[in-house]
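Before any comments, here is the structure.
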Amino acid sequence: MNDTTVKRFYDNGLWSLSMVRVAVRKGIITKTQFKKITGKTF
């Protein structure tokens, strides 16, 4: 899994904001990628 997959899941409503936060905590994506995907700061 990578940031492209996370973004697609988030944009399609398959993942919530909190699920994307978990991806950051687990090291799947970075805080910078989180901001790019969600538009919010981590």
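The values are calculated or read from the model by the stated rules, or taken from the named source; none is laboratory data. Computed from a predicted structure; not experimentally measured. Glycine gets a Cβ as well: all are built from the backbone with ideal geometry, and neighbour counts include every protein chain shown.
Number of residues in the range 28-42 that are part of a helix (DSSP H, G or I) and farther than 9 Å from Val6 by Cβ equals 5. Yes or no: the range 1-14 includes at least one residue that is modelled with pLDDT under 95, in a loop (DSSP other than H, G, I, E, B) and not small (Gly, Ala, Ser). Scanning the range 1-14, I find at least one residue that is modelled with pLDDT under 95, in a loop (DSSP other than H, G, I, E, B) and not small (Gly, Ala, Ser), so the answer is yes. Filtered by the rule that a residue be surrounded by 11 or more Cβ atoms within 10 Å (Cβ to Cβ) and out of contact with any helix residue (DSSP H, G or I) (no Cβ under 8 Å at 6 or more places or on another chain), the range 20-42 gives Val22, Thr32, Lys35.
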